[in-house]
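Colleague: This is the structure, below, for whatever I ask next.
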Amino acid sequence: MTEPLIRNAFLPQQRGFPTDEPDLQKALYKSYIDIAQAVNYRVIGLFERVQTGTGEQWFNDGLSQNDVANLTRRQSYRKVVTIDSLVSGSYPHGVDFDSEMTFTRIYGTATDSVNLLAIPIPYVDFAGVDNVQISVTATDIVIVTSAAWAAYTAVLIIEFIPIGR
């Protein structure tokens with residue numbers, strides 16, 4: 001069985017256009033569609049404290065992979081939460097989280113601006129002692145730390161697909 005061809009957001013650097021008007025109109029229309037699709041398929045680089053589209057298009061579980069012509073992809077969304085001190089606790093995310101939601105990424109970074117150090121979240125040190133765990137509940141992003149990270153500020157990011165919306 002061959003896998004269906006999925007278009008990506010690649011645009012040719014050059015394109016020739018016909019000189020006769022009917023063919024030129026068709027070529028311009030196709031060119032516009034190609035550009036619009038390439039722009040719309042890119043990942044959006046906005047990281048906001050409000051729910052924002054990521055630009056990512058995810059597969060749809062309800063359709064066969066062979067049904068590419070009618071493939072309806074699902075849009076994912078991103079929400080950023082910042083905290084002033086990286087300590088164990090629950091931090092409200094403000095997302096309408098229900099049983100139909102699928103998370104695609106849960107991550108972050110923490111920075112100590114005095115000692116000029118930064119860590120990824122989740123974080124596990126080499127010895128397995130100084131850890132930072134991240135998880136999401138219906139209302140909060142939950143941070144569990146096993147060391148003194150209070151001097152660190154953090155940026156926490158959740159990305160998700162609200163199924164059926």
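The values are calculated or read from the model by the stated rules, or taken from the named source; none is laboratory data. Not measured: the values here are computed from a predicted model. All Cβ positions, even for glycine, are placed from backbone atoms using ideal geometry, and neighbour counts span all protein chains on display.
Colleague: Give the residues of the stretch 87-99 that are within 18 Å of Ala150 (Cα to Cα) and under 23 Å from the mean Cα position of the chain (by Cα), sorted by residue number.
Modeller: Of everything in the stretch 87-99, those that are within 18 Å of Ala150 (Cα to Cα) and under 23 Å from the mean Cα position of the chain (by Cα) turn out to be Ser90, Tyr91.
Colleague: Note down all Cβ pairs under 8 Å where the first residue falls in the stretch 74-98 and is in contact (Cβ under 8 Å) with a residue 60 or more places away in the chain and of a type in the set (D, E, K, R), the second is crowded, with 17+ Cβ neighbours inside 10 Å and part of a loop (DSSP other than H, G, I, E, B), and they're at least six residues apart or on different chains.
Modeller: Close Cβ pairs (under 8 Å, with a partner that is crowded, with 17+ Cβ neighbours inside 10 Å and part of a loop (DSSP other than H, G, I, E, B)) amount to Lys79/His93; Lys79/Val95.
Colleague: So Asp140 ticks every box in (1) of a type outside the set (A, V, I, L, M); (2) closer than 30 Å to Gln37 by Cα; (3) modelled with pLDDT of 95 or more but one. Which box is left unticked?
Modeller: If we test Asp140 against (1) of a type outside the set (A, V, I, L, M); (2) closer than 30 Å to Gln37 by Cα; (3) modelled with pLDDT of 95 or more, just (2) comes out false.
Colleague: Suppose the filter is modelled with pLDDT under 95, charged (D, E, K, R) and more than 16 Å from Thr52 (Cα to Cα); does Asp112 pass it?
Modeller: No: the conditions fail for Asp112.
Colleague: Same structure, new question: For the stretch 25-71, which residues satisfy the criterion of being at pLDDT 75 or above, surrounded by 11 or more Cβ atoms within 10 Å (Cβ to Cβ), hydrophobic (A, V, I, L, M, F, W, C) and assigned to a loop (DSSP other than H, G, I, E, B)?
Modeller: Listed by number, the residues that qualify are Val43, Ile44, Leu46, Phe47, Phe59.
Colleague: Looking at Ala154, Ala127, Ala150, which one is in contact (Cβ under 8 Å) with a residue 24 or more places away in the chain, out of contact with any Asp or Glu (no Cβ under 7 Å at 6 or more places or on another chain), assigned to a loop (DSSP other than H, G, I, E, B) and of a type in the set (Gly, Ala, Ser)?
Modeller: Ala150
Colleague: Here's a follow-up. All but one of (1) in a loop (DSSP other than H, G, I, E, B); (2) at pLDDT 85 or above hold for Leu5; which doesn't?
Modeller: Looking at each condition in turn, Leu5 falls short on (2).
Colleague: For the stretch 72-101, which positions are within 17 Å of Ile134 (Cβ to Cβ) and of a type in the set (Ser, Thr, Tyr)?
Modeller: Thr82, Ser85, Ser88, Ser90, Tyr91
Colleague: Please tell me if Arg74 is at pLDDT 95 or above and under 30 Å from Ala38 (Cβ atoms).
Modeller: Answer is no for this residue.
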